[in-house]
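What follows draws every value from the coordinates through simple rules; no lab data is involved. Because the structure is a prediction, the values reported are computed rather than measured. FYI the Cβ positions are ideal-geometry reconstructions off the backbone, even for glycines, and counts take in every protein chain you see.
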Amino acid sequence: MGTSNGSPADTAFVGCGNLGMAILSRAVCAGVLVPAQTVVVEHDAGRRAEAAAMGVHATAEGSAARGARTLVLAVKPQHFEDAARAIGPLTDATCVISVMAGWSSAAIRAALGNGPRVLRAMPNTPAQVGMAMTALARGAGATADDLAHATRLFAAVGSTCEIREDQIDAAVAAVGSAPAYLFLLAEAQIAAAARMGIDPETARRMTVQTMLGAATLMAADERTPQELRAAVTSAGGTTAAAVRVLEAHGFTGAVGEAMDAARARSAELGR
Ligand SMILES: NC(=O)c1ccc[n+]([C@@H]2O[C@H](COP(=O)([O-])OP(=O)(O)OC[C@H]3O[C@@H](n4cnc5c(N)ncnc54)[C@H](OP(=O)(O)O)[C@@H]3O)[C@@H](O)[C@H]2O)c1
């Protein structure tokens, strides 16, 4: 059980794939996690080796997560029941931080013996480059200290905000799924620039740097996105011509409906 010397871990990761590994590696680098007090429970041998290379005790045995002060649950939702059986019942000494879509804190707590406190996190893939947005929701039994601890952990992969658990499906739409909307916009811009004769690599650089620049400007400037847009849109100009076409195709409405669809699908998958 626990770390390599047998004592309970301070933090256990159950599932250490794309997201778990991003959190683990960045939190270790930031000094938020101490490798010798951290355990990784992971099926995949390659990922266990990657975690072990950081000085973390990595094992395939779910029971190693038992007794941890914090348990980061980062398996796919469909693998949670198996993982819960392998971990076994937990007490209220453990705070579970789940990044899984779909599983409510009450259902997670019930599957883990009704003992642990549970907090939910909805991050997104820019975690891999330390630029995630993570919405955190206190669930079953979670305290203000648990939220503060989760905030420190997820700050290692980006920025955080607090929401209520009944808003988590909205956070799936606004955070978890949202990078894909920008990727889709980027695909369309790159294809259009290429169609206009710009070579694909230059079209990609133009699009990516423009998105990065616009996002950085939004983050740094106190003006609203609407004000920033107005500032680059002169009457009768080129930007106005482009925005008019986007709106004629229902751009704003389509984004709203897309987010409604993501939220509804998240609610449908929930338990
Ligand atoms: N990626 C994101 O941006 C994002 C955003 C929000 C939420 N999430 C949530 O985060 C969770 C993880 O996503 P991910 O993209 O990191 O998935 P992933 O790369 O598939 O990572 C999950 C890892 O857990 C392992 N695993 C499965 N069952 C296990 C068990 N019982 N014990 C130990 N390890 C087990 C898997 O191994 P095998 O592959 O060998 O099964 C895999 O290495 C999902 O629930 C997802 O909904 C992800």
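The figures follow:
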item	result
Sorted by Cβ neighbour density within 10 Å, fewest at the top, the residues Cys95, Cys161	Cys161, Cys95
Alpha-carbon Rg/Rh ratio, for the stretch 10-168, with Rh computed the Kirkwood way	0.92
Gyration tensor verdict on the stretch 132-176 (Cα atoms; rounded if a/c is under 1.5, prolate if a/b is larger than b/c, oblate otherwise)	oblate
For the stretch 95-125 versus the stretch 140-175, the gap between their alpha-carbon centres in whole angstrom	11
0 to 90° range, to nearest 10: angle between helix 200-220 axis and the chain longest Cα axis	70
The chain: antiparallel DSSP beta bridges as a percent of all, rounded to 5	15
Computed Kirkwood radius, in angstrom, where 1/r is averaged over Cα pairs of the chain	20.3
Trypsin sites (Lys or Arg not before Pro) within the stretch 53-161: DSSP coil, no more than 15 neighbouring Cβ in 10 Å	Arg69
Rounded tilt (10° steps) of 144-155 against the dominant C-alpha axis of the chain	60
Length released on extending from Ala144 to Glu201, taking residue separation times 0.36 nm less the Cα-Cα span	15.8 nm
Cα radius of gyration and Dmax for the stretch 82-190 (Å)	15.1, 52
Listed residue (Ala242, Ala27, Ala155) projecting farthest to the positive dipole end of the chain, Cβ model	Ala27
GluC sites (Glu not before Pro) restricted to DSSP loop in the stretch 23-76 with at most 14 other C-beta within 10 Å	Glu61
Nearest-0.05 FRET efficiency for Ala30 and Thr252, computed from C-beta distance (R0 35 Å)	0.40
Cα long-axis angle, helix 238-248 against the chain (0 to 90 degrees, to the nearest 10)	70
Computed E for Ala261/Ser234 - FRET, C-beta separation, R0 35 angstrom, nearest 0.05	0.50
